[in-house]
Amino acid sequence: MEPWKKGAIVSIVFIGVMVGNFLSGGLGDYFGRRFPILLSYAGVFVFSVMSAYADSFFTLAFIRFFVGVSFGIGIPAWNTLCCEHCPTRLRTAMVGVGMMVFALGELYSACLLYADDPELRNLHWRWLVIMAAIPALLFFLSGYFLLDESPSFLAITGQLEKAKAVLETAAWYNDYHGSLHFDVLEVDRAGQPNWFVSTWHQLTIVFGMKYAWTTLTLMMSTFTLNFCYYGQLYALPQVLPDIDLPVQPAVSLMIGAVLEIPGFLLGIWIGQNFNRIPSLLGYLVATVLSLILFVFGCMILTGEMRVDGALGTVGSAQIMVLTGLNANKIVISVGWLLVYLYSAE
């Protein structure tokens, strides 16, 4: 496949993610938080398997678009459900632990790449896509039987008995045996608009005069974060095989995925002890520095830059590449937690 087609296939997924994010808010407010999450799991699995059997570029692009839509539908719903299911003091830790599962998924993918070809030169992409879809099926099945709806959503939509049942389940898990009392303003669901009108109404609020600057800032923050993170997921498997490193390319990806876990733990600590804005600025500065170190080392190893002295040696360049790569994985993980936590708040 030509390079532009490879790039287009990846880009179309993220166009789908954007569409899915747009749809998620209305679906979550109208049907509940649980439904978009389960729909996301089901869609990712079904469309991923379908894409493995695509017989042309345009068919593959069409199907991968819906993989992105499915993925995008689940993210906002999960962020909302996560924050509504736990007390404020535990919100940072809850988001961080949830994102660690994302790192485990990346590690799973890296292990698949290692099993197929540690050098990442002769990969069997159809097999990889099918194997990568299996966790979505498992999460769908477990979520269908175990995932509770948001008690906040149930309460404000008049489903008080169901909301109480969810809270009683949470109390049982936390070994709480006291009585549960809560008051809620009941909402007339019959008079509510459909999910499309609801989504449009929300957009007019967040882009209104009061919240427009905050919305645009968060959009730029999430764009930068996703560009750095997913850009690496796309670029590294293509770049690392051409760089002389002491470890195999697939192993480098596995190490990076493992390092995201302490990154999320660091993010939890920062989120609980420091203000959001300085923390976000710190993560951005650290991201820039780690990327500069990585690119600088790559340019030396590939001969695109000549540096005299100790910094110009192969060993020094390899250290720069690995340090920049691994440091960036940690820093981006901190950014994931801070940006999405701030967005949810």
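The values are calculated or read from the model by the stated rules, or taken from the named source; none is laboratory data. This is a predicted model, so every value here is computed, not measured. Reconstructed Cβ throughout: ideal geometry from the backbone, glycine too, with neighbour counts over all protein chains shown. Areas reflect the complete protein model, heavy atoms only, side chains present, ligands, DNA and RNA absent. Shrake-Rupley method; radii C 1.70, N 1.55, O 1.52, S 1.80 Å.
Which residue out of A212, A163 is at pLDDT 75 or above, of a type in the set (G, A, S) and under 19 Å from A77 (Cβ atoms)?
Numbers: A212 fails: under 19 Å from A77 (Cβ atoms).
Within the list A212, A163, the selection yields A163.
From the list T199, T169, T204, pick out the single residue that is among the polar types (S, T, N, Q) and modelled with pLDDT of 80 or more. Give the derivation first.
Values: T199 fails: modelled with pLDDT of 80 or more; T169 fails: modelled with pLDDT of 80 or more.
Every option except T204 fails the conditions.
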Item to complete: Please determine, by comparing only the residues of the range 33-45 that are open to solvent by 60 Å² or more (accessible area, probe 1.4 Å) and hydrophobic (A, V, I, L, M, F, W, C), which one is farthest from F71 (Cα to Cα).
Response: F35
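Based on what the data block shows, is A286 closer than 22 Å to N226 by Cβ and either open to solvent by 60 Å² or more (accessible area, probe 1.4 Å) or touching a Leu at 6+ places or on another chain (Cβ under 7 Å) (or both)? Give the derivation first.
Working: closer than 22 Å to N226 by Cβ: yes; either open to solvent by 60 Å² or more (accessible area, probe 1.4 Å) or touching a Leu at 6+ places or on another chain (Cβ under 7 Å) (or both): no.
Criteria not met by A286.
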Worksheet item: Which of the residues belonging to the range 144-164 are more than 20 Å from G25 (Cα to Cα) and either open to solvent by less than 50 Å² (accessible area, probe 1.4 Å) or among the acidic types (D, E) (or both)?
Response: E161, A163
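Just to be sure, is S48 crowded, with 22+ Cβ neighbours inside 10 Å and touching a helix residue (DSSP H, G or I) at 6+ places or on another chain (Cβ under 8 Å)? Give the steps one after another, and end with the answer.
Numbers: crowded, with 22+ Cβ neighbours inside 10 Å: yes; touching a helix residue (DSSP H, G or I) at 6+ places or on another chain (Cβ under 8 Å): yes.
For S48, the condition - crowded, with 22+ Cβ neighbours inside 10 Å and touching a helix residue (DSSP H, G or I) at 6+ places or on another chain (Cβ under 8 Å) - is met.
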Practice prompt. Quick one: count up the residues across the range 54-92 that are over 15 Å from A8 (Cβ atoms), open to solvent by 30 Å² or more (accessible area, probe 1.4 Å) and either in a helix (DSSP H, G or I) or β-branched (V, I, T) (or both).
Written response: 12
Worksheet entry | Subset tally (residues that are modelled with pLDDT of 90 or more and surrounded by fewer than 16 Cβ atoms within 10 Å (Cβ to Cβ)) for the range 244-254 | 2
Worksheet, complete the sentence: The residue from I332, I268, I319 that alone is among the aliphatic types (A, V, I, L, M), part of a helix (DSSP H, G or I), in contact with a helix residue (DSSP H, G or I) (Cβ under 7 Å, 6 or more places away or on another chain) and modelled with pLDDT of 90 or more is I332
Item to complete: May I ask you to verify whether M1 is more than 21 Å from the chain's Cα centre (by Cα), in a loop (DSSP other than H, G, I, E, B) and not basic (K, R)?
Response: yes
Fill in: Among the residues listed as E260, E304, the single one being buried (at least 16 other Cβ atoms within 10 Å of the Cβ) and charged (D, E, K, R)
E260
Discussion item. Given the criteria under 22 Å from the mean Cα position of the chain (by Cα) and open to solvent by less than 20 Å² (accessible area, probe 1.4 Å), does V101 qualify?
Written reply: no
